[in-house]
Amino acid sequence: MSGGLVQISMKLEMKDSPGQLVAALKPMSEAGGNIIAVIHQREPDLDEDTLNVQIVLELPEGRLEKLVALLNEQGVRIQRIGEERLLYKRTVILIGHLMHTDLSDTVDQIDSTGFAEVCELAMSMPAVNERSSSRITIKAVSRGDMEAALAILRRVSNQKSLLLIEPLEEIA
Amino acid sequence: MMKVALIGLGSVGKGVAGMLVKKDLGITITGIADSKSGCMDPKGLDIANLLAKKTKNGYCGDQKISASDVIAKADYDALIEVTPTNALTGEPAIGYIKAALLKNKHVVTSNKGPIALAYRELHALAVKKGVALRYEATVAGAIPIMHTLEHGLAGNEILALYGVLNGTCNYILTRMAAEGLTYEQALMEAREMGYAEADPTYDVQGIDAAIKLVILANTIWGNGIRLADVDRTGIDLLTPDALRLADDEGCTIRLIAEAIPRKHIFRVSPRIIEKNHPLVVEGTLNALTLETDMAKEITLIGRGAGSTETASAIIGDLLFIKDRYVRRA
């Protein structure tokens, strides 16, 4: 499970004076964060000297406490904070004799890794003895884990003579 | 005026001959050979007459004259080699091309066999002889991919390429997705439309697309990869259900040729792809996305086959040679 990222969204309140925003952003890179978006909000009913900023960033797991401490040191007030585990999702299609080749075993081989799991499965079975098709969505904690999960699926598909259709991953 | 000899008078050869007659491009055909006959005239042949003779008799010239005779004896600057592809041996086209290069003649070909199988040798021979070997028509028909790589994207590092390079497969997949046809039904329809051969193996198992990927990879990276190095899966086991399952997610399935050298990926396989992706083209169209260091992503879309469309690629090559090399009064 190591190497995972969390996506943090936080709403900060700071004095609307030069240098304040930079002072708030600096601790984020110090904590190893990757800032995705900075959204200024000037709410009309708010005190003129106060600036509200929403920030979305990716942070390695376990670094949030350190970041909060750093922000407090800078005198930045955190109004709200949300944390969500960042998940990689990928959808593949499997075609073949899925039931005869033990679909639950196929799914298990992903689930039992501990780092990836099948989170959705849609299936269509036209008739007995005909090949069936299924759409499988896998989620994993990191990109590397996703690659490892897909490598397992490729191996299993090969062993079970299933046709695995992978997504075209956006630009290398 | 540039003089050319044309070897092969099938659909592509007829298209080239017809367009050279119709358009005043400063190119004269001084030799022609089909599989059964040949003819030569240093002052220029009467093409309309020869094409009529071909239609009537099944051959165009003198049956005592062979393609090799035309290559050896005709008065020409560039050879147009458009005989049918032999993907296993590349012959007799490799022999024709070598013979012309050895005579210090430029060569333009639409033939995938020689370029996929013997590119290094033929390219080296052309360089040694100081002549051009051009093959724009071998990949993606009318799309000027080679010119784009050579000129428009000159100086760029090509990081990866992704392509829809087989019109037959793209037609079948388009029809399966649009109408819920089975693979067999869509293949039959493709045959009726003249988009698929009686034996569709070469297309539907991704061999044709893989050969084009080999040609592109060797042209771009000079890496010497061969057909056997391409990881290949065809479309013949796809089900209408699979296309419907993809469609439920706003996606479809296309046969994608993919090369990412730094990851050692050379692959032709059916892939799930978002419907609004630029590579998702309809029917027999071809498409190619190049990922480069400076220009970033560039996608080209166009017709991948057809007599006049292929002639467009060949004539583009001929005029390039004419501008760059040929100085005749």
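The values are calculated or read from the model by the stated rules, or taken from the named source; none is laboratory data. It should be emphasised that the depicted structure is a prediction, and the values quoted were computed from it without experimental measurement. No Cβ is skipped: glycine too gets one built from the backbone with ideal geometry, and neighbour counts run over all protein chains shown.
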Hand me the list of helices (runs of 4 or more DSSP H) wholly inside the range B:1-103 holding 1 or more residues that are more than 16 Å from B:Tyr135 (Cβ to Cβ) and basic (Lys, Arg).
B:11-22, B:47-57, B:67-73
When you check A:Ile81 against the structure, is it aliphatic (A, V, I, L, M), closer than 28 Å to A:His40 by Cβ, more than 10 Å from chain B (Cβ to nearest Cβ) and in a strand (DSSP E or B), yes or no?
yes
If I filter the range A:64-112 down to residues being loosely packed, with under 13 Cβ neighbours inside 10 Å and among the hydroxyl-bearing types (Ser, Thr, Tyr), which single residue comes out as nearest to A:Ala151 (Cα to Cα)?
A:Ser112
Residues of the range B:70-91 classified as closer than 25 Å to B:Met19 by Cβ and surrounded by 18 or more Cβ atoms within 10 Å (Cβ to Cβ), total:
12
Enumeration of residues in the range B:194-212 that are under 29 Å from B:Asn156 (Cβ atoms) and out of contact with any Leu (no Cβ under 7 Å at 6 or more places or on another chain):
B:Asp208
Test B:Ile253 against the stated conditions and say whether it is part of a strand (DSSP E or B), within 29 Å of B:Glu157 (Cβ to Cβ) and either of a type in the set (Phe, Trp, Tyr) or touching a Pro at 6+ places or on another chain (Cβ under 8 Å) (or both).
no
If we scan the range B:216-231, do we find a residue that is on the phi < 0 side of the Ramachandran plot, of a type outside the set (Val, Ile, Thr), at the interface with chain A (Cβ under 10 Å from one of its Cβ atoms) and surrounded by 16 or more Cβ atoms within 10 Å (Cβ to Cβ)?
no
Only one of B:Lys23, B:Lys3 that is over 20 Å from the mean Cα position of the chain (by Cα) and surrounded by fewer than 17 Cβ atoms within 10 Å (Cβ to Cβ)
B:Lys23
Over the range B:49-69, the set of residues surrounded by 15 or more Cβ atoms within 10 Å (Cβ to Cβ), farther than 19 Å from B:Ile314 by Cβ and not acidic (Asp, Glu) is B:Lys53, B:Tyr59, B:Gly61, B:Ile65, B:Ser66, B:Ser68
So if I check each of B:Asp293, B:Asp247, B:Asp236, which one is surrounded by fewer than 17 Cβ atoms within 10 Å (Cβ to Cβ), within 14 Å of chain A (Cβ to nearest Cβ) and either touching a helix residue (DSSP H, G or I) at 6+ places or on another chain (Cβ under 7 Å) or basic (Lys, Arg) (or both)?
B:Asp247
Could you check the range B:255-275 and list, in sequence order, the residues that are within 8 Å of chain A (Cβ to nearest Cβ) and either of a type in the set (Asp, Glu) or under 20 Å from B:Val204 (Cα atoms) (or both)?
B:Ile256, B:Glu258, B:Ser269, B:Pro270, B:Arg271, B:Ile272, B:Ile273
Subset of the range A:116-172 (residues that are in contact (Cβ under 8 Å) with a residue 60 or more places away in the chain, away from chain B (no Cβ under 11 Å) and outside any helix (DSSP H, G or I))
A:Val141, A:Ser142, A:Lys160
In the range A:113-137, how many residues are surrounded by fewer than 17 Cβ atoms within 10 Å (Cβ to Cβ) and under 14 Å from A:Ser157 (Cβ atoms)?
0
Has the range B:308-323 got at least one residue that is assigned to a loop (DSSP other than H, G, I, E, B) and more than 10 Å from every other protein chain (Cβ to nearest Cβ)?
no
Look through B:Asp46, B:Asp34, B:Asp41 and report the one residue that is surrounded by 14 or more Cβ atoms within 10 Å (Cβ to Cβ), closer than 21 Å to B:Lys73 by Cα and free of Cβ contacts under 8 Å to residues at least 12 places away in the same chain.
B:Asp41
The range B:112-126 residues that are more than 17 Å from B:Asn223 (Cα to Cα) and in the same structural domain as B:Val82 (by TED's automatic domain parsing), paired with ones that are in a helix (DSSP H, G or I) and of a type in the set (S, T, N, Q) (beta carbon under 7 Å, 6 or more apart):
B:Lys112/B:Thr138
Would the range B:122-134 turn up any residue that is of a type in the set (A, V, I, L, M, F, W, C), part of a loop (DSSP other than H, G, I, E, B) and over 18 Å from B:Leu88 (Cβ atoms)?
yes
Taking the condition of being exposed (fewer than 14 other Cβ atoms within 10 Å of the Cβ), touching a residue at least 12 places away in the same chain (Cβ under 8 Å) and under 27 Å from the mean Cα position of the chain (by Cα), how many residues in the range A:3-31 meet it?
3
The residue from A:Ser104, A:Ser112 that alone is farther than 27 Å from B:Pro240 by Cβ, among the hydroxyl-bearing types (Ser, Thr, Tyr) and more than 14 Å from every other protein chain (Cβ to nearest Cβ) is A:Ser112
Out of all the residues in the range B:104-118, which are part of a loop (DSSP other than H, G, I, E, B) and farther than 24 Å from B:Ala210 by Cα?
B:Asn104, B:Lys105
Those residues of the range B:283-312 which are within 21 Å of B:Asn170 (Cα to Cα) and of a type in the set (A, V, I, L, M) amount to B:Leu285, B:Ala287, B:Leu288, B:Leu290, B:Ile298, B:Leu300, B:Ile301, B:Ala305
